[in-house]
């Protein structure tokens, strides 16, 4: 399986894409933390340990997931446009229609 193939499958169906069990545990945790952070429990973290992740790896997964969410919310909240994107590629939320576009 190529990285491009994996990325395509995950983009199409992150919850159902067939991936190795360790990666599935990471994805399930990251999706839960992103979508319903209030539902993350000790059992959520235990599932990562059961999949073979160390505490340092679990911390990294949580940190990267949280940072990605943080940066995206700041960018969306300020109407930041992606560098080098064309008008066709821009989503309405990033097309300069946010609060920062009309100071």
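The values are calculated or read from the model by the stated rules, or taken from the named source; none is laboratory data. All of these numbers come straight from a predicted model, not from anything done at the bench. Here the Cβ positions follow ideal geometry from the backbone for every residue, glycine too, while neighbour counts run over all protein chains shown.
Computed values, structure above
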item: Candidates 56, 51, 42 - the one that is touching a helix residue (DSSP H, G or I) at 6+ places or on another chain (Cβ under 6 Å) and at negative phi; result: 51
item: Cβ-Cβ under 6 Å pairs, at least 6 apart or on other chains, the stretch 64-91 side farther than 27 Å from residue 37 by Cβ, far side modelled with pLDDT of 80 or more and part of a loop (DSSP other than H, G, I, E, B); result: none
item: Criterion violated by residue 28 - all others in (1) at pLDDT below 95; (2) within 23 Å of residue 11 (Cα to Cα); (3) in a helix (DSSP H, G or I) satisfied; result: (1)
item: Subset of the stretch 1-21 (residues that are more than 15 Å from the chain's Cα centre (by Cα) and loosely packed, with under 14 Cβ neighbours inside 10 Å); result: 1, 2, 3, 4, 5, 16, 18, 20, 21
item: Any chance residue 18 is assigned to a loop (DSSP other than H, G, I, E, B) and either at pLDDT 95 or above or touching a helix residue (DSSP H, G or I) at 6+ places or on another chain (Cβ under 9 Å) (or both); result: yes
item: Index of the failed condition, residue 76 passing every other in (1) touching a helix residue (DSSP H, G or I) at 6+ places or on another chain (Cβ under 7 Å); (2) exposed (fewer than 15 other Cβ atoms within 10 Å of the Cβ); (3) at pLDDT 95 or above; result: (3)
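Okay, residues lined up against (1) in a loop (DSSP other than H, G, I, E, B); (2) surrounded by 12 or more Cβ atoms within 10 Å (Cβ to Cβ); (3) modelled with pLDDT of 95 or more; (4) within 13 Å of the chain's Cα centre (by Cα):
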{"residue": "33", "(1), (2), (3), (4)": "no, yes, yes, yes"}
{"residue": "49", "(1), (2), (3), (4)": "no, yes, yes, no"}
{"residue": "52", "(1), (2), (3), (4)": "yes, no, yes, no"}
{"residue": "61", "(1), (2), (3), (4)": "no, yes, yes, yes"}
